[in-house]
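Here the structure is laid out as structure tokens; the discussion comes afterwards.
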Amino acid sequence: MSQFSNLQKPDIHAHEILDMMESSGKTYSNESLSKEIAETFGEESTFNTCSAQGMDCKVIVDHLWEKGKFSGTTEAFVYSPGSRCDH
């Protein structure tokens, strides 16, 4: 057993993903955003919001769609800064 096996995976708030999207100015697809999240924050990272936690790269993208954070289609969308919560 590795001496690091008890270390927790980083748990990152979704605001960090939204900040990344806003600063990049890119248009994303679900696939490209999931890939960029993994590259930026790490494959093993998990993500949280006020209402959910422990999400992986693909689940957080779906969750942000459900929360109305994006404008466009699943093949071409951007972050809608006006949808950000105030905390």
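Of Ser83, Thr27, Gln53, which is farthest along the charge dipole of the chain in the positive direction, counting Lys and Arg as +1 and Asp and Glu as -1 at C-beta?
In the chain, that residue is Ser83.
I'd like the antiparallel share, as a percent to the nearest 5, of DSSP beta bridges with both residues in the chain.
Numbers: 6 of 9 bridges.
If we restrict to bridges inside the chain, about 65 percent are antiparallel.
Helix-derived [θ] at 222 nm for the chain: sum -39500 (n - 2.57) over DSSP H runs of at least 4, divide by residue count, nearest 500?
Here the helix-only value at 222 nm equals -11500 deg cm²/dmol.
With a ≥ b ≥ c taken as the square roots of the eigenvalues of the C-alpha gyration tensor of the range 22-77, please select rounded if a/c is under 1.5 and otherwise prolate if a/b is larger than b/c or oblate if it is not?
Here the range 22-77 falls in the oblate category.
Given springs between every Cα pair under 10 Å in a Gaussian network model of the chain, which of Asp56, Asp19, Asp11 has the largest fluctuation?
Asp19
Values in this text are rule-based calculations from the coordinates and carry no lab data. Only a predicted model underlies this, so the values are computations on that prediction, with no experimental measurement involved. Ideal geometry is used to build each Cβ from the backbone, glycine not excepted, and the neighbour counts take in all protein chains shown.
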